[in-house]
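Shown next, in structure tokens, is the structure this report addresses.
The values are calculated or read from the model by the stated rules, or taken from the named source; none is laboratory data. Since the structure is predicted, the reported quantities are computational estimates derived from the model, not experimental observations. When we count neighbours, we look across all protein chains shown, and the Cβ atoms used for this are built from the backbone with ideal geometry, even at glycine. Accessible surface areas use protein heavy atoms only, side chains included; no ligands, DNA or RNA. Shrake-Rupley method; radii C 1.70, N 1.55, O 1.52, S 1.80 Å.
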Amino acid sequence: MASLKGRNILSLKNYSQDEIYGLLAKAMELKRQLKSGLPHRYLESKTIAMIFHKPSSRTRVSFEVATSHLGVHPIFMRDEEIQLGVREPIGDMGRVLEGYVDAVVIRTFAQSDVEELAAKTEIPVINALTDAYHPMQSLADLMTILELKDRLTGLKLAYIGDGNNVAHSLLVVAGKLGINMTIACPKGYEPDAEVVDFARAQIRNLNHKITVTDDPFEAADDADVIYTDVWASMGQEAEREERIKTFRPYQVNSEIMAEAKPTAIFMHCLPAHRGEEVTDEVIESAQSVVFQQSENRLHTAKAALVSIIK
Ligand code: CP
Ligand code: NVA
């Protein structure tokens, strides 16, 4: 596989299947090194900026711990301080940061802001979640599935809930890796057609399918993975009450899990709203792998930094 040095991770749309598997292999290697107590300070004397315009626990902590293990110095920048795009144009911020740091990790609203930042700076940019995509989450998701199922291609992943950033990122990688993904959403909350079309266009084996339905039971039928996320994402707080009513039939509960394979795993990017998109019973069941998934955010964050920082 060619080196990924200098590459951005904005949506993973421009990553090949081999490049994604390369990142997963690197994450697994770094996980083994950590568990065996082997030092892996591969990025000693490097520095990254972390711009966060929305709340975060997993992403911030996993990246900061990743930097600590790799020898990188992180600079956490709250948007209230830098006021991206208000105090100065995003491109200027990118060009300024390029003079100081070796990469930028950014969590914000508009995907176009992250794309603009990446276009204007020579240093790699990692999308730590926008309204449109959450690529770092899908890398951890793929790693977790691979650890538990030993393969990705040909599996059935049922995503039940909102056609949001997490769903979009799963679609991108599902198309690329030949995961049969079925998304069940209430009408009007489907993933963007452009992302569904992109995912379908990536499929190389005609036996693989990307399906969008409004029937959660159809989605769950014979699935290897049942995945859900919150019904109201960050920035949609005003719609929360209405969404809770609309999404109620899309709750992942024991009836939904019963439609899936007996060996199916339950996944959630977290934070979870127990009693809304998932019941306490399911998230606490033996099928739930949500904390392995969140731990893998650390290993995949490290793989990304090691692979793209020059
Ligand atoms: N899954 C995830 O990105 O969590 P945070 O919003 O806490 O970072
Ligand atoms: N869809 C959620 C994911 C949080 C990790 C959000 O954007 O709030």
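Residue separation times 0.36 nm, minus the C-alpha to C-alpha distance between F217 and A119: what's the value?
This chain segment gains 31.0 nm when fully extended.
Give the carbon-plus-sulfur fraction of the accessible surface of the chain in %, rounded to a whole number; probe 1.4 Å, heavy atoms of protein chains only.
For the chain, the apolar C and S fraction of the accessible surface comes to 50 percent.
Report ³J(HN,Hα) in whole Hz for each residue of the range 2-15, in order, from the Karplus equation J = 6.51 cos²θ - 1.76 cosθ + 1.60 where θ = phi - 60°; Gly and Pro get x.
After applying 6.51 cos²θ - 1.76 cosθ + 1.60, I find 5, 5, 9, 3, x, 7, 8, 10, 9, 8, 6, 4, 9, 9 Hz.
Which Rg and Dmax, in Å, describe the Cα atoms of the range 1-152?
Values for the range 1-152 (Cα only, Rg and Dmax): 15.6, 48 Å.
Could you give P(r) for the range 85-238, binned at 10 Å from zero, as whole percent values over all Cα-Cα pairs?
Per 10 Å bin, starting at 0, the Cα pair percentages come out as 11, 36, 30, 17, 6, 0.
For the chain, what is the percent of antiparallel DSSP beta bridges, rounded to the nearest 5?
Taking every DSSP beta bridge with both residues in the chain, the antiparallel ones total about 0 percent.
In what sequence, highest mean first, do 158-167, 243-252 appear when ranked by Cβ atoms within 10 angstrom?
In decreasing order of mean packing, 158-167, 243-252 become 158-167, 243-252.
Between N207 and K187, what is the FRET efficiency for a Förster distance of 25 Å, r being their Cβ-Cβ separation, to the nearest 0.05?
Efficiency for this residue pair is about 0.35.
Quick one: 3J(HN,Hα) in Hz for the range 244-258, Karplus 6.51/-1.76/1.60 with θ = phi - 60°, rounded, Gly and Pro as x.
These are the phi-based 3J(HN,Hα) values: 4, 5, 5, 8, 3, x, 9, 5, 7, 10, 5, 5, 5, 4, 5 Hz.
Skipping prolines and chain starts, which residues have an amide H placed within reach, meaning under 5 Å, of the one on I48, given they are 5 or more residues away or on another chain?
Here the answer is H73, I75, D102, since their amide H atoms fall under 5 Å of that of I48.
Which order do the peptides 223-231, 52-60 come out in when sorted by mean C-beta neighbours inside 10 angstrom, highest first?
223-231, 52-60
Stokes-Einstein D for the range 215-258 at 25 °C, 0.890 mPa s, Kirkwood Rh over Cα pairs, in µm²/s?
211 µm²/s
In degrees between 0 and 90, to the nearest 10, how far off the longest principal axis of the chain does helix 17-35 point, with axes built from Cα atoms?
80 degrees
Accessible area per residue, 1.4 Å probe, Å², for the chain: what's the number?
41 Å²
Volume per residue, Å³, of the convex hull around the alpha-carbon atoms of the range 31-119?
Normalising the Cα hull of the range 31-119 by residue number yields 103 Å³.
Mind checking the log10 I(q)/I(0) for the range 163-310 at q = 0.13, 0.18, 0.20, 0.22 Å⁻¹? Debye, one equal scatterer per Cα, no solvent, two decimals.
Values returned for q = 0.13, 0.18, 0.20, 0.22 Å⁻¹ are -0.63, -1.18, -1.39, -1.54.
Hey, what does the equivalent ellipsoid look like for the chain, semi-axes from the Cα gyration tensor as sqrt of 5 times each eigenvalue, largest first, whole Å?
The equivalent ellipsoid of the chain has semi-axes of 31, 22, 18 Å.
For labels at S112 and E81 in the simple 7 Å Cα→Cβ model, what's the distance in nm?
Distance between label points: 2.8 nm.
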